[in-house]
Each structure stands twice: as structure tokens, then as C-alpha cells.
Amino acid sequence: MSSIYLDYETGSQRHEKLPQDVCRLIMQGRQAKGLSQKDLASKICEKPQIIGDYEAGRGIPNNQVLAKIERVIGIKLRGKERGLPLQGKGQRKKD
């Protein structure tokens with residue numbers, strides 16, 4: 001998911017950024033669980049700055065980090081079902 005784009009006019013590189021709705025979902029999910037950025041970071045074995053960067057939209061998307069955050073806050077952050085509750089293991093979608 002991490003992509004680097006080259007701006008041909010300026011010759012500079014820029015990384016893909018997290019969409020604003022994902023940033024908001026991370027913050028809302030964390031707050032709903034009563035966690036600080038530091039608490040969430042320690043639960044997913046990352047630095048608190050990573051959480052701050054993700055919530056501020058400065059983070060470079062990483063599927064492994066997003067998956068860990070999803071499991072802790074219980075909200076899908078990737079794909080078409082973004083924003084929906086995360087389904088636990090063994091649970092199936094009801095048709």
C-alpha cells in the first residue's frame with residue numbers, strides 16, 4: 001500500500017497519505033475505547049508518534065500497522081467496509 005510518487009515538474013518524491021476519513025476513524029475508535037495515543041501505540045507495539053501521525057494524516061499507510069489498529073479499536077480501516085465494526089475470528093457475515 002505504501003507508494004512513492006514522483007512529481008515530474010519539481011522532481012520531488014511524495015508518499016501516499018492516509019485518507020482523512022481513516023484518520024478520523026482511528027481517532028474516534030481510540031477515544032471510544034478510552035485509549036490515549038500512547039496506550040494504543042503500546043497495544044500495537046509501535047511508537048506513539050506513529051499514532052499521532054496517522055491521526056493527523058501525516059502517516060505513510062502501512063497495512064500491517066492498520067491491521068493492528070483495526071484489531072484494537074474494532075473498526076475496519078481498509079477496503080469497501082471501512083468504518084464498519086470489525087468481525088472477530090470465526091464470525092461470518094450474515095447474508
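The values are calculated or read from the model by the stated rules, or taken from the named source; none is laboratory data. Bear in mind the structure is a predicted one, so any value in this text is a computation, not a measurement. Note that each Cβ is placed from the backbone with ideal geometry, even for glycine, and that neighbours are counted across all protein chains shown. Quick note on the areas: whole protein, heavy atoms, side chains included, nothing else; ligands and nucleic acids left out. Shrake-Rupley method; radii C 1.70, N 1.55, O 1.52, S 1.80 Å.
What to note about this one:
- Segment 28-91 - accessible surface per residue (Å², probe 1.4 Å): 62
- Inter-label distance for R78 and D21, nm, one decimal - labels placed 7 Å from Cα along Cα-to-Cβ: 1.7
- Rounded to 0.05, the FRET efficiency of the S42 and N63 pair, given R0 = 30 Å and the Cβ-Cβ distance, is 0.90.
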